[in-house]
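Here the structure comes first, spelled out in structure tokens, and everything after it is commentary.
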Protein chains: 2
Amino acid sequence: MSLPAALPHLDFVTDPDVLGSLSHDDAEWAPVGRATAAVRPRTTEEVGAIVAACADRGIPVVARGAGTGLSGGANAVDGCVILDLSRMNRILEIDPDNMIAVVQPGVVNNDLKAAVAEHGLWYPPDPASAPWSTIGGNVATNAGGLCCLKYGVTRDYVLGLEAVVGGPAGPYGTAVRLGHRTTKGVAGYDLVGLFVGSEGTLGVVTEITLRLRPARAASPRTVVGAFPSVVAAGNAVAATTRRGLLPTALELLDRACLQAVEDWKHLGLSATAEALLLAQIDTPGAAGDEEAAELAAIFQSAGAEWAEQSTDEFEAEALFAARRLAYPAMERLGPVLTEDVCVPRSAVPTMLATIEEIAARHSLTVATIAHAGDGNLHPLIRTPPNDEKAKEQAQSAFEEILRSAIALGGTVTGEHGVGLLKRRGMREEQSPEVLAMQQALKNSLDPRNIFNPTKVTGDPES
Amino acid sequence: MSLPAALPHLDFVTDPDVLGSLSHDDAEWAPVGRATAAVRPRTTEEVGAIVAACADRGIPVVARGAGTGLSGGANAVDGCVILDLSRMNRILEIDPDNMIAVVQPGVVNNDLKAAVAEHGLWYPPDPASAPWSTIGGNVATNAGGLCCLKYGVTRDYVLGLEAVVGGPAGPYGTAVRLGHRTTKGVAGYDLVGLFVGSEGTLGVVTEITLRLRPARAASPRTVVGAFPSVVAAGNAVAATTRRGLLPTALELLDRACLQAVEDWKHLGLSATAEALLLAQIDTPGAAGDEEAAELAAIFQSAGAEWAEQSTDEFEAEALFAARRLAYPAMERLGPVLTEDVCVPRSAVPTMLATIEEIAARHSLTVATIAHAGDGNLHPLIRTPPNDEKAKEQAQSAFEEILRSAIALGGTVTGEHGVGLLKRRGMREEQSPEVLAMQQALKNSLDPRNIFNPTKVTGDPES
């Protein structure tokens, strides 16, 4: 019996256009397979029924949220069913007494932020995609964002999960509850931590229990510095860490990114400097003022053309808006291959110089945005449309940047995930022994290889 | 060939007295097996050789640090070799530019704190055992402590690990490097998170890369409240969370604990109130003063006999010293069975009342210390020496408290680990499906069951 016939009450999509749009994420360079169908469940029970039916037929299951991923992690594999979780978008509970929210995976990050703000609470993780990306997708990739520097990543906020799994837990389609509702808990292995960032390869997350924080008393201060080179900006980042300052965000935008946003949105940004650093400080009161002044002084010492605390709230808002829009603004200009390397903070200047050198050698346009304070850099490699030679150059540059990051003690992916694009890089970063442990975990929890096969631990050459 | 003969360059201990003292941790109630020998390696290579030789002979390996554990996780199992890691106690690197330290597992928590403080840095995790317990032990149990409320637990500070493993990675005795040196990283499954809190059941951790924070500018403020009952103190804790206040620590001590410390150490504590709450606030400047005043007002509203910011630094120091000494002070008075339940913060008053009710029903003396702000309670059940009937009553009360915590949405262990004492509790807390996943992970990474067998996932009835 066909899958739609076996699950007649479910909403299957087979229209080729819609199926096509559901078959890939935002990683333009990653290969896309041909899905059999997509399905839009509304409950855990429906997810369970779909997974069970797929497993019975040996059909791979690829879960997706909003499709804002940048590594191909949600791309279709041949013959798969796409599990579109966007209709599982209810906030199930907000518990102010315990600073907890319980949500379905399809809830959009910013929608959750708005809902908990009404209770005086704050959900910190803020990937630049927060207006569109879902909590389920954020959990799948262990998404970072702008304020990780002080407030951590998605994993730091996930207390518990419900997931539909298979293998040791029982027949495929079994729902399990992992973790707890308490702030601490060490009963057994950290299954929640294992599922966060596993990119849908171990099961389908159907409910998420999140830790919240109290809302911040006041808007954070913004400190801006304009630099004559990205490397000078990198030096300011390294100096900030060395001095023990902990801004909530420390973002870098180079001139190409600023210009691309300005050309698109006309926010009134001047794009004369080669690089901007944007920092936010939320330490309250006079201590916050002192930190802001110290940060501006550090920027100056590192060679900033100017650096100051922004007193214009609209300007500060526009600058952070520009940061968030940098990626889509660059995408408008042609195919973009996005890096996500992360290096120790002291290596940021060297990594930025290396990226410039690699770009020049391959005659490529590389624009850089970065969560610089985390050492997490997003060089965006842009090629003219339909230029196959440039595409090959870009691919070579991509691999060289990964290799350089590893050589500096870094990792190939700080927050976007391995997906399809960084499988080769992960194999260069990790030893064969560690890769064998990764594969053993996958085999152990998904012995029939139903959940998002070929991703993460999959063979990049196959 | 015997193990000492096969490894002639290693320092084996077979003296029965020394071996006896190395064969158990601080969990007086947990069963202790008969070890074959103990060995004190100094390098990863030596650990690898021992693990390889043990695996060849089917000998279980039980790693230990300072033996301050409270669940029997480091207790000998019959026929095992005890791996005493206390001589692997070197701080290998402090990198102020990246706020990172690399240490061997035998480094004592407070020694690390002191060493990084010289560089203007801070390692926050502070279990009450910090003057004695080792970082390796802290990693094995994912130790918490006093300042978790604001600054998180050990897992939040571990970026990378070196571990000696077996199974999928290669022959037993293989050393692998897990994780990274960067602040973020999502290449593959979170193996570091899986090893942290795994209580030595997946391998032996031989090196730890830790994230540090900048040192705090000033000493935190201390707010103290004296309450007519532990339940009133619990209400103050729940109200503090509800108001969105985030002290660095919010500790509860009942009168029995205070009295036990005073009788031992003569710190000049008055122990007239039924319960004390001790809070620390490290928000700088005037904002910190406001928070301290607000917290004192919350304590008053919840029924405190008195509540105020301590202006006497010595008094504040003495109170926190009393908190840290509460456990050994109680231990002096007779066998102590320690709970480690953790409940949602709003359930703290109910859980405290339930503990009192259970103690009364079993005619037991129960003293309570608690990381109350985390909902993590340590009722200490005390029985007269050599009173078998009281011991049985205590065991029943212990299991009832675990069950009550689960019923309130809590967990059986917030920070001490499962070890031997909470295996039954974990089986009540987690579903058979989740327990099967736990066992599958153990089987996958330690297929020959060499690393600390019978602990955590082991059968409590065997």
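The values are calculated or read from the model by the stated rules, or taken from the named source; none is laboratory data. Since we're looking at a predicted model, the values are computed, not measured. Cβ atoms come from the backbone with ideal geometry, glycine included; neighbour counts cover every protein chain shown.
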Examine the range A:296-308 for a residue that is in the same structural domain as residue A:276 (by TED's automatic domain parsing) and farther than 19 Å from residue A:273 by Cβ, and state whether such a residue exists.
no
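Okay, residues lined up against (1) modelled with pLDDT of 90 or more; (2) more than 18 Å from residue A:146 (Cα to Cα); (3) touching a strand residue (DSSP E or B) at 6+ places or on another chain (Cβ under 7 Å); (4) outside the structural domain of residue A:138 (by TED's automatic domain parsing):
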residue	(1), (2), (3), (4)
A:206	yes, yes, yes, no
A:219	no, no, no, yes
A:239	yes, yes, no, yes
A:247	yes, no, yes, yes
A:252	yes, no, yes, yes
Sort out which residues of the range A:203-219 are closer than 30 Å to residue A:280 by Cα and part of a strand (DSSP E or B), and write them in order of number.
A:208, A:209, A:210, A:211, A:213, A:214
Among the residues of the range B:259-272 satisfying the criterion of being at pLDDT 90 or above and among the hydrophobic types (A, V, I, L, M, F, W, C), which is farthest from residue B:305 (Cα to Cα)?
B:264
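Run down B:201, B:222, B:206 and say which single residue is more than 30 Å from residue B:443 (Cα to Cα) and β-branched (Val, Ile, Thr).
B:222
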Residue identified as more than 9 Å from chain B (Cβ to nearest Cβ), free of Cβ contacts under 8 Å to residues at least 40 places away in the same chain, over 20 Å from residue B:185 (Cβ atoms) and assigned to a loop (DSSP other than H, G, I, E, B) among A:396, A:462:
A:462
Inside the range A:223-262, the number of residues satisfying the requirement of being over 23 Å from residue A:346 (Cα atoms) and touching a helix residue (DSSP H, G or I) at 6+ places or on another chain (Cβ under 7 Å) is 4
Quick check on this structure: which one of A:25, A:56 is more than 16 Å from residue A:84 (Cβ to Cβ) and of a type in the set (D, E, K, R)?
A:56
Looking for something surrounded by 16 or more Cβ atoms within 10 Å (Cβ to Cβ), in contact (Cβ under 8 Å) with a residue 60 or more places away in the chain and not in a helix (DSSP H, G or I) - is there at least one such residue anywhere in the range B:287-300?
no
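Name the residue, out of B:385, B:379, that is out of contact with any strand residue (DSSP E or B) (no Cβ under 8 Å at 6 or more places or on another chain), of a type outside the set (Asp, Glu), assigned by TED's automatic domain parsing to the domain that holds residue B:364 and in contact (Cβ under 8 Å) with a residue 24 or more places away in the chain.
So the residue among B:385, B:379 that is out of contact with any strand residue (DSSP E or B) (no Cβ under 8 Å at 6 or more places or on another chain), of a type outside the set (Asp, Glu), assigned by TED's automatic domain parsing to the domain that holds residue B:364 and in contact (Cβ under 8 Å) with a residue 24 or more places away in the chain is B:385.
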Taking the stated definitions as given, is residue A:381 more than 18 Å from residue A:26 (Cβ to Cβ) and either modelled with pLDDT of 95 or more or not in a helix (DSSP H, G or I) (or both)?
no
Answer yes if at least one residue in the range B:433-453 is outside any loop (DSSP other than H, G, I, E, B), farther than 25 Å from residue B:378 by Cα, within 11 Å of chain A (Cβ to nearest Cβ) and of a type in the set (D, E, K, R), and no otherwise.
yes
Let me spell it out: the conditions are (1) modelled with pLDDT of 90 or more; (2) closer than 20 Å to residue B:254 by Cβ; (3) buried (at least 18 other Cβ atoms within 10 Å of the Cβ), and residue B:316 meets all of them except one. Which number is the exception?
(1)
For the range B:79-102, check the following and say yes or no: at least one residue is among the basic types (Lys, Arg), more than 25 Å from residue B:417 (Cα to Cα), modelled with pLDDT of 95 or more and within 25 Å of the chain's Cα centre (by Cα).
yes
From the list B:78, B:26, pick out the single residue that is acidic (Asp, Glu), touching a residue at least 12 places away in the same chain (Cβ under 8 Å) and either under 26 Å from residue B:123 (Cβ atoms) or in contact with a helix residue (DSSP H, G or I) (Cβ under 7 Å, 6 or more places away or on another chain) (or both).
B:26
Meets criteria (of a type in the set (S, T, N, Q) and either within 25 Å of the chain's Cα centre (by Cα) or in the same structural domain as residue B:151 (by TED's automatic domain parsing) (or both)) for residue B:272
no
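Let's see how each residue does on (1) more than 13 Å from chain B (Cβ to nearest Cβ); (2) within 23 Å of residue A:63 (Cβ to Cβ):
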{"position": "A:400", "(1), (2)": "yes, no"}
{"position": "A:406", "(1), (2)": "no, no"}
{"position": "A:413", "(1), (2)": "no, yes"}
{"position": "A:418", "(1), (2)": "no, yes"}
{"position": "A:423", "(1), (2)": "no, yes"}
{"position": "A:426", "(1), (2)": "no, yes"}
{"position": "A:429", "(1), (2)": "no, no"}
Across the range A:328-375, which residue is surrounded by the fewest Cβ atoms within 10 Å (Cβ to Cβ) among those that are aliphatic (A, V, I, L, M), away from chain B (no Cβ under 11 Å) and part of a loop (DSSP other than H, G, I, E, B)?
A:333
Would you pick out the residues in the range A:64-85 that are acidic (Asp, Glu) and farther than 15 Å from residue A:51 by Cβ?
A:78
Across the range B:237-266, which residue is surrounded by the most Cβ atoms within 10 Å (Cβ to Cβ) among those that are outside any loop (DSSP other than H, G, I, E, B) and over 25 Å from the mean Cα position of the chain (by Cα)?
B:239
Is it true that residue A:283 is assigned to a loop (DSSP other than H, G, I, E, B) and surrounded by fewer than 22 Cβ atoms within 10 Å (Cβ to Cβ)?
no
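I need the strands (runs of 3 or more DSSP E) fully contained in the range B:20-105, keeping only those with at least 2 residues that are under 24 Å from residue B:158 (Cβ atoms). Walk me through how you get there before you give the answer.
Working: elements: B:37-39, B:61-64, B:81-84, B:91-95, B:100-103.
Result: B:61-64, B:81-84, B:91-95, B:100-103.
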Looking only at helices (runs of 4 or more DSSP H) that lie completely in the range B:111-202, which have at least 1 residues being surrounded by fewer than 24 Cβ atoms within 10 Å (Cβ to Cβ) and more than 10 Å from chain A (Cβ to nearest Cβ)?
B:148-151
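One line per residue, one yes/no per condition, for (1) under 16 Å from residue A:141 (Cβ atoms); (2) surrounded by 24 or more Cβ atoms within 10 Å (Cβ to Cβ); (3) assigned by TED's automatic domain parsing to the domain that holds residue A:145:
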| site | (1), (2), (3) |
| --- | --- |
| A:55 | no, no, no |
| A:59 | no, no, no |
| A:64 | yes, yes, no |
| A:67 | yes, no, no |
| A:71 | yes, yes, no |
| A:75 | yes, yes, no |
| A:80 | no, yes, no |
| A:99 | no, yes, yes |
Residue among A:400, A:429, A:461 that alone is out of contact with any strand residue (DSSP E or B) (no Cβ under 7 Å at 6 or more places or on another chain), acidic (Asp, Glu) and at pLDDT 95 or above:
A:400
